[in-house]
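In what follows, a structure is listed as structure tokens, so that the remarks can point back to it.
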Amino acid sequence: MDNRSEVREFLASRRARINPGQAGLPVSGGNRRVPGLRRGELATLAGVSVEYYTRIERGNLGGVSDTVLHAIAGALQLDDAERAHLFDLAHATGSGTTRRRRPTQQHIRPSVQRILDAMTNVPAIVENGRLDILAANRLGYALYSDIFAKPQRPANHIRFVFLDPRSHDFYPDWESSAHDAVAVLRAEAGHNPYDQAVTNLIGELSTRSDEFRTRWAAHNVRQHRTGTKRLHHPVVGDLELALEKLDVSADPGLILLAYSAEPGSPSHDALSLLASWAATLDQEQAFPAADQMTIPPPDRPEA
């Protein structure tokens, strides 16, 4: 990504979504020539000159103090993810380097895999900021059997969302899942702007998916740490799972995702069925998709 254009487009997109009334400014009559706040109005809210803010929005964040960045973030009403993204862009501007880092192979330490394997009642995976799935327990592989169906490794969530038509069945709310995936990748791109693997992934998706290009142009970012995930598994049907994301603190950039179901709920019963189905499969074959299995799934227990 070009950092200056990223700064320019991010700040302009955030400014365009706020009208004077939302910012606590007087609302004058007549037609406004720009959506959202004018640069001068934003500069006033942030306590800087129009000339200085204009220079910032043109992509020149070099030397801008944290105090000014916080003031701009407050004026733009940025949430935590957007604020972090702005600071990432500023730090990249001041780093003095634009050399791309070659993709590096991330490894899962044996102790982390043992922890995953010990989580026998919940699906769990480890992924990085590019949404590569780097490790999983048995239930995790079974839950994401369709994602692991393709031979490309590491399996990748956002490739599945935009490049595999099965994702529209797997995610009942596909639009929301697509939005979240792009927002997470955008945040990672701001945090690691010179990571060649991130650049390659963005380029691949931009070339192959109109849906991705449209969402990427919105410059939305998000930190999705907890929530409810609705999935439709090809074997066990609908699942409503609580998602928790935990940082693997000794391995910066890696996140452990664990899913659980409310005891006694239909989703809890479906996870038990999923565990039975997973036990019939060979984990070393990376769980091909359910519709490609030669071993039939187990019968549902009688009510």
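Every read-out reported here was derived from the displayed coordinates using simple, explicitly stated rules and does not represent laboratory data. From a predicted model like this one, the values you see are computed outputs, not experimental measurements. Here the Cβ positions follow ideal geometry from the backbone for every residue, glycine too, while neighbour counts run over all protein chains shown.
Label-point separation (nm) for GLN22 and ASP238, each offset 7 Å from Cα along Cα-to-Cβ?
Label-label distance for GLN22 and ASP238, simple model: 3.3 nm.
Would any residue of region 176-193 have its amide N under 20 Å from a label point 7 Å out along Cα→Cβ of GLU204? List them or say none.
Flagged as within label range: 178-193.
Sorting ARG4, ARG33 on the 10 Å Cβ count, fewest up front, what's the list?
By the 10 Å Cβ count, ascending, the order reads ARG33, ARG4.
Would you mind ranking PHE148, PHE162 by Cβ crowding within 10 Å, fewest neighbours first?
So the residues, fewest neighbours to most, are PHE162, PHE148.
Considering only C-alpha atoms, what is the centroid distance from region 61-88 to region 175-232, in Å?
21
So what are the radius of gyration and Dmax for the Cα set of region 1-78, in Å?
Taking only Cα atoms of region 1-78, I get Rg and Dmax of 12.3, 40 Å.
State the Kirkwood hydrodynamic radius of the chain in Å, one decimal place, computed from all pairs of distinct Cα atoms.
21.4
Before rounding to the nearest 500, sum -39500 (n - 2.57) across all DSSP H runs of length at least 4 in the chain and divide by the residue total; then give [θ] at 222 nm in deg cm²/dmol.
-13000 deg cm²/dmol
Taking the Cβ of each residue in ASP247, ASP195 as the centre, tally the other Cβ atoms inside 10 Å and list the residues starting with the fewest.
ASP247, ASP195
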